[in-house]
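Take a look at the structure below.
The values are calculated or read from the model by the stated rules, or taken from the named source; none is laboratory data. In this text, all values refer to a predicted model and were calculated from it rather than measured experimentally. Cβ placement follows ideal geometry from the backbone for every residue including glycine, while neighbour counts extend to all protein chains displayed. Please note that ligands, DNA and RNA were not included when accessible areas were found on the heavy atoms of the full protein model with its side chains. Shrake-Rupley method; radii C 1.70, N 1.55, O 1.52, S 1.80 Å.
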Amino acid sequence: MFWTFLPPPNVTGKLHIGHALNATIQDVYVRFNKAYHIPEGVNWVWGTDHASIATESKVRKTLAENGVTDITDEELYNHIKSFADQNRDNIKTQLRMLNCDIDNNDGIYTMSDEYCDLVKTTFISLYKRNLIYEDLQEINYDTVLKTAISDEECEEINGKIISTRSGGVIEKRTSKEWFFKLSQFKDVLINALDDINITSERTKNTYLHFANNLKDWCISRQLLWEHKIPIWYYNNQSYCANNIQEAAKLAETDTDNMIPETRTLDTWFSSWLYHIAAFAKTNEFNINCKYMPADILVTGADIIFFWVAKMIVASHLFDYPKPFKTVYITGIVRDKQGRKMSKSLNNSPDLDKLIDKHGSDVIRATLLRLSTKDNDIIFDESYLQEGYKIIKKLANVDNYIKLLKPTDKDDNPIVTACQTWFTNKIHESYDNIKKGLDNYDVRWAFDEALKLLFDYMSNWYIPTIQKTGVNEHEYKVLQGNFVDMTYILESFIPSITQLLRSRIHRIERIKNSTESDDNDIVDYAREIHRKLNVFRSMYKINTSETLKIGNRGMSEPPQLLIDYIKLIANADLEFTAKDSKYSFNTRIGTVRIYKDVEVDTDDILKELASAKSLLKRVEDKLNNPRFIENATKEQIAYEKQKQKDAKERIDICGRRLGITTK
């Protein structure tokens, strides 16, 4: 069983780009695990948060702008409820538009009747255990919403004035409020990291700072759109109960004499029970612990103490397993000004319009390519060109295959070797994608999937069959390879892969890898081809001109390698010991190029200067600790390959000039 739960978006409005990133990363994990090796099934619980402060503030503001000021609490509550219900439906629709494979149900809602019962039962339980108390303490007070708020929800300015979500000034006030004894659970939070992996070291340090500086949690608010505190008063005494009848019984008086608590609960007092609600039965604490903990929680660093830490405490309080095994910290999506994309700032492009205009896969692919471990993301609509390149490349390959006409020729050993090699690359890609996801680096995993499309299919497989053609059998294998590739890519870009695959009648899943010595030969051919292209580019040698090359690294010439190099690189490969001015190293030894090139010395010097300049830029980057710390494995490997290519160019130039280069 693999399961996770969506951090519930606030019902204050539509999803923004930050939500799209979070949901896309989760969907990658869900789809990948559904496709491979999870016989017990996959469960992705989704839901929404009522977001009391933000929602109530937004509705009050809208009503005021429309001239509605004289309104009863009941009328205001109904306005808020209607607003929240509409946005809740919109959020589910948006998740579907993004092609997220969420469970087809109503999900969890932190203001549903069942959830209200869960919150109430939790409060009563903690009250009876003397973990909730009422006290006169200094608190933060929002002068617009006229409510207490937590330290984390506001920002101090000049040591005195504090601004917040409502846009109002926050004052320090002494007020009688309800508190939860959170400070008692320092060791619980610290020890939890023995079993819970937080993928970001920076966020883990933030978490530990919070744990080491715990204060009791002010859980009461003066808001309308919030969970009721199950407290009633009689003769200046408070009574905690499920309802007024129970409270009156405890007070030994009539219900008419009981005064209800007017304060409500902090939003996070409901949100910290979200993982419990995911598998709780109505009106009772009874989780199917078979499914706990969740395999992964994907969330942002900004709510590590608001939500993540408090869920850990909630699990501890009721003797549940840890709520999750891993907390995958995503970067925060920011606009070009560096501001966090948020509903309150209204600085996110309209996600619905983006999907309508560009398609969900373009958005998903772009966000995945922009995301790097532990780094924030700068997003602008112009960056979606990155996603377009990927979708267009896949569509072009599909179109080429559809238009390809098989012939009656015999099987070609080169095509057979290439197709066997590609099948193995599919299996390698699966292994590497799994490794990337297991290491909580979805960008790296996506890049590994894209190698199939760009490096292996588009830059090698297709050029090979363009030169050889295919017969009916080879064409069916090609179709099968394409189908298998779409399954690999589907976790990341599901819409286009499902569409293209549906148009091919022969659909078959990935088969077991076919081991063959020819796989190495194809890799040798790719390496020699790439380096010969560098040589041709440097000396402006047309690809139509046949090159003579030699190699002393193999004892006898594999005919397949000779034929493949001749076909794809237009080069005659000999196994000889003849010397040459031009050579390059490969995995099978030194390859020598038997070609006298007449070029102007000035051209060689220009090429040498260009190669040295490139090498310096690359090595400066590789020697930069910040780059190494923040770059993905794929980015580092790419820079090291550029470093290697630049050194080869410098070496060739030097030998051509008869000098030693450094």
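A few notes on this one:
- Considering residues of region 79-116 that are closer than 23 Å to LEU182 by Cβ and not polar (S, T, N, Q) only, the residue farthest from the chain's Cα centre (by Cα): CYS116
- Scanning region 17-29 turns up one or more residues that are in contact with an Asp or Glu (Cβ under 7 Å, 6 or more places away or on another chain) and part of a helix (DSSP H, G or I).
- For region 59-100, filtering for residues that are part of a loop (DSSP other than H, G, I, E, B) and either in contact with a strand residue (DSSP E or B) (Cβ under 7 Å, 6 or more places away or on another chain) or more than 29 Å from ARG31 (Cα to Cα) (or both) leaves 7.
- Filter result (surrounded by fewer than 20 Cβ atoms within 10 Å (Cβ to Cβ), more than 28 Å from ASP603 (Cα to Cα) and modelled with pLDDT of 90 or more) within region 527-585: GLN559, LEU560, ILE562, ASP563, LYS566, LEU567
- Qualifying positions in region 273-305 - modelled with pLDDT of 90 or more, closer than 30 Å to LYS146 by Cβ and buried (at least 19 other Cβ atoms within 10 Å of the Cβ): LEU273, TYR274, GLY300, ILE304, PHE305
- In region 159-252, counting only strands (runs of 3 or more DSSP E) that sit wholly within it, the ones holding 2 or more residues that are open to solvent by 70 Å² or more (accessible area, probe 1.4 Å) span 169-180.
- Residues satisfying the stated conditions in region 586-608, i.e. at pLDDT 75 or above and open to solvent by 60 Å² or more (accessible area, probe 1.4 Å): THR601, ASP602, ASP603, LEU605, LYS606
- Scope region 54-77; condition in contact with a Leu (Cβ under 7 Å, 6 or more places away or on another chain) and within 22 Å of ASP113 (Cβ to Cβ); matching residues: GLU56, ASP73, LEU76, TYR77
- Candidate set from region 615-624 (those that are within 25 Å of ASN375 (Cβ to Cβ) and crowded, with 17+ Cβ neighbours inside 10 Å); member that is modelled with the lowest pLDDT: LYS621
- Criterion violated by ASN257 - all others in (1) more than 17 Å from PHE180 (Cβ to Cβ); (2) open to solvent by less than 20 Å² (accessible area, probe 1.4 Å) satisfied: (2)
- Of all residues in region 101-131, those that are of a type outside the set (A, V, I, L, M) and not in a helix (DSSP H, G or I) total 11.
- Of all residues in region 117-156, those being under 32 Å from the mean Cα position of the chain (by Cα), over 23 Å from ASP319 (Cβ atoms) and open to solvent by less than 60 Å² (accessible area, probe 1.4 Å) number 4.
- Within region 5-57, the set of residues being among the polar types (S, T, N, Q), out of contact with any Cys (no Cβ under 9 Å at 6 or more places or on another chain) and closer than 20 Å to ILE332 by Cα comprises ASN10, THR12, ASN22, THR48.
- In region 625-662, the qualifying residues are those that are among the aliphatic types (A, V, I, L, M) and assigned to a helix (DSSP H, G or I), and the one that is modelled with the lowest pLDDT is LEU657.
- Selection within region 452-478 - open to solvent by 60 Å² or more (accessible area, probe 1.4 Å) and either among the hydroxyl-bearing types (Ser, Thr, Tyr) or over 29 Å from the mean Cα position of the chain (by Cα) (or both): GLN466, LYS467, GLU472, HIS473, LYS476
- Scanning region 235-250 for residues being among the hydrophobic types (A, V, I, L, M, F, W, C), free of Cβ contacts under 8 Å to residues at least 40 places away in the same chain and within 24 Å of GLN222 (Cβ to Cβ) gives a total of 2.
- Beta carbons closer than 6 Å, at least 6 apart along the sequence or on distinct chains, pair a first residue in region 191-218 that is closer than 18 Å to LYS181 by Cβ with a second that is open to solvent by 30 Å² or more (accessible area, probe 1.4 Å) for PHE210/PHE305; ALA211/LYS186; ALA211/ILE190; LEU214/SER183; LEU214/LYS186; LYS215/SER183; ASP216/LYS181; ASP216/SER183.
- Matching residues in region 34-58 - criterion: being open to solvent by 10 Å² or more (accessible area, probe 1.4 Å), assigned to a helix (DSSP H, G or I) and closer than 22 Å to ASN10 by Cα: ILE53, ALA54, SER57, LYS58
- When region 262-272 is filtered for residues that are out of contact with any Leu (no Cβ under 6 Å at 6 or more places or on another chain), crowded, with 19+ Cβ neighbours inside 10 Å and either in contact (Cβ under 8 Å) with a residue 60 or more places away in the chain or closer than 16 Å to ALA148 by Cα (or both), the ones remaining, listed by number, are ARG263, LEU265, ASP266, THR267, TRP268, PHE269, SER270, SER271.
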